[in-house]
Structure formats: C-alpha cells, structure tokens
Amino acid sequence: MTIENVTPQPAGGSDLQERPDAHPARVYDYFIGGESGFEADRAAGAWIRMQAPDLIATMQANRAFLSRAVHWLTRQGVNQFIDIGSGFPVSPNTHEIALSASPSGSVVYCDVDAAVGQRTRALIAGQERADFVLGDIRKPEDLLAQPAIQKLIRSGRPVACVLAAVLHFVPEGADPARITAVLREALPPGSYLVVSHIAGDMPWGDRNNEEVLKRAFEDMYPRTQDQVTDFFGDFELVSPGVVPAAQWHPTEETAGKPSHSAIYGGVARKV
C-alpha cells in the first residue's frame, strides 16, 4: 500500500514481526472483522472507510461469496480444498465449513505471507485434516509440488482450488492466464475452480471509490468480467456464471437486495 510512516503495533499478539507499512491482506482482514493486523493496517483501513465506504462492502461481499461457494461445493460432494492466497484466518474459514460437512475431507491453505502461516497454523493446530504451506501463486509449479497439495491431487478425487481475491494482486507481467492454466491442468477430473476478483468494468457507488482503490492498493489490478471469465479456461461454469459476487447463489436474506460491491465471483467444473 502507499499509506506509510505509521508505526505498526500487533493487534493479535507478539508472534508477528513488526512491519513498517500497511499491507493489503491485513487491511482486508480489518474490513472483514479480523484482528491480525498492525496499527498501520487499521489506520489505512480507517482512512479507506472514510474515503470510500463502498470498498468495505466489496471486501465483505467477497468473504460472503467464499462461504457460499464452499458450502455449495460440499453439497456437490467435494471435500478436498486448496485455498491459495488464503490470507489471515477469519471464521468461518474454508476448513471450518468443509470439514463440518465432511470430517474425512482435507483442506490445504497457501499464502505467500509467513505471518499468515503463523496465524493459520495456530488456528488449525491439532486438526489433522487441515494444513498450511508457504508459497507464491506466481510460481504455481512450486505450489503444486508441495507434498500436502500433491496428496490431494494424486488422490484422483475432485479438488476445489480456491482463488478468492488473490488474482487481482497478480500483474499481467506475471501472466495470470498461465498461472490459472497450470492450476487447472493439474486438477483431477470433476474438480472445481473458484475465483473472485475486483471488477474493472463495474460501476462503483461513488467514483471516488476507484480513486481511493488506486491510491491505497497501487499493486492491485482490477479486471473486466470477460477477463475474469477467461481464467476458467475450458472448465464448465456453474450457473449463473461469472457475476457480481453478491449475485452468485445469494441467500434468501440477500437475494434481490442492491449491492454496492464491485467484485466478480464464479465457480467452474473440470469435465
């Protein structure tokens, strides 16, 4: 982020190393009710909240989409999940939903941030069916080579690969199309890909939101609906396709209600 020069103080204990600047993953955690950030992250989040409150709705819509997608997948009989770019754990987490539906399932979290790993490992301590691996989505071959991930893929059973709010941090120069193609190719038949992504072609409630987004997250890359759809390759999109995240299988409480979020969500199956 570009918001700097705030002395960081851990919000959740002393196990995280001090960092000088706010970080997008920790600011996102702040928006969805987590407590894993530093004072710099909370200050950045408060600034964004004042400047562009619709951005918070977008972050919260992403989290709600992830929960609904995992619930939907468990109803399809999927009980193996690889959650890449998982971020700081905030309940309900992927493993909480998936393993509640199928105690014999498995969930592997992955993130590039070692602090995320510390928090996640602490959360899943004693949980034999959940694991965390440190890795960078920009190096998908290295990720796929991790033993915990290999175990799920080699089982031959369907795996859900979750890329929630992570691809919009991958610039075109890092070739996100290749990254997603490598991940899709590795998944067994019947597997699913879950993607949510900040929208680059969706009207914001206030145009100021977009300017704040650019200032706060200079390393974020919004994309169009067509660009997000392309990440699914030849996978078969689950109805209703790639849509504003709040419109993907909404709950009875949220169906038909207006949403000020600007993030796409979609799920597709490997046939």
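The values are calculated or read from the model by the stated rules, or taken from the named source; none is laboratory data. The shown structure was predicted, so the numbers you read here are calculated from the model rather than taken from an experiment. Counting neighbours? That spans all protein chains shown, and the Cβs are built from the backbone with ideal geometry, glycine included.
How many of the residues making up region 79-100 are modelled with pLDDT of 95 or more and surrounded by fewer than 16 Cβ atoms within 10 Å (Cβ to Cβ)?
So the answer is 1.
With respect to the numbered conditions (1) out of contact with any strand residue (DSSP E or B) (no Cβ under 9 Å at 6 or more places or on another chain); (2) at pLDDT 95 or above; (3) charged (D, E, K, R), which one is the sole condition not fulfilled by Lys257?
(2)
Is there a residue in region 139-150 that is part of a loop (DSSP other than H, G, I, E, B), among the acidic types (Asp, Glu) and either surrounded by fewer than 17 Cβ atoms within 10 Å (Cβ to Cβ) or free of Cβ contacts under 8 Å to residues at least 60 places away in the same chain (or both)?
Checked against the condition, which is being part of a loop (DSSP other than H, G, I, E, B), among the acidic types (Asp, Glu) and either surrounded by fewer than 17 Cβ atoms within 10 Å (Cβ to Cβ) or free of Cβ contacts under 8 Å to residues at least 60 places away in the same chain (or both), region 139-150 yields no hits at all.
Filter region 99-128 down to residues that are of a type outside the set (Gly, Ala, Ser) and in a helix (DSSP H, G or I) and give me whichever is nearest to Phe169 (Cα to Cα).
This residue is Val116.
Residue check, Ala69 against (1) under 15 Å from the mean Cα position of the chain (by Cα); (2) assigned to a loop (DSSP other than H, G, I, E, B); (3) among the small types (Gly, Ala, Ser); (4) modelled with pLDDT of 95 or more, all met but one. Which one?
(2)
When you check Arg178 against the structure, is it closer than 26 Å to Asp230 by Cα, in a loop (DSSP other than H, G, I, E, B), more than 18 Å from the chain's Cα centre (by Cα) and charged (D, E, K, R), yes or no?
no
The rows are residues; the columns are (1) touching a Leu at 6+ places or on another chain (Cβ under 9 Å); (2) charged (D, E, K, R).
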site	(1), (2)
Phe88	no, no
Ala98	yes, no
Val116	yes, no
Arg119	yes, yes
Ala125	no, no
Leu144	yes, no
Leu163	yes, no
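Could you please tell me which pairs satisfy a Cβ distance under 9 Å, a separation of 6+ or placement on different chains, a first residue in region 171-198 that is on the phi > 0 side of the Ramachandran plot and surrounded by fewer than 16 Cβ atoms within 10 Å (Cβ to Cβ), and a second residue that is hydrophobic (A, V, I, L, M, F, W, C) and in a loop (DSSP other than H, G, I, E, B)?
Cβ pairs passing all conditions: Gly190/Val78; Gly190/Val159; Gly190/Val271.
How do the pairs read when you match residues in region 93-107 that are over 21 Å from Asn62 (Cα atoms) with residues anywhere that are assigned to a helix (DSSP H, G or I), using Cβ under 7 Å and keeping only pairs 6 or more apart or on different chains?
From region 93-107, the pairs are Ala101/Thr74; Ser102/Thr74; Gly105/Ala98; Gly105/Leu99; Ser106/Leu152.
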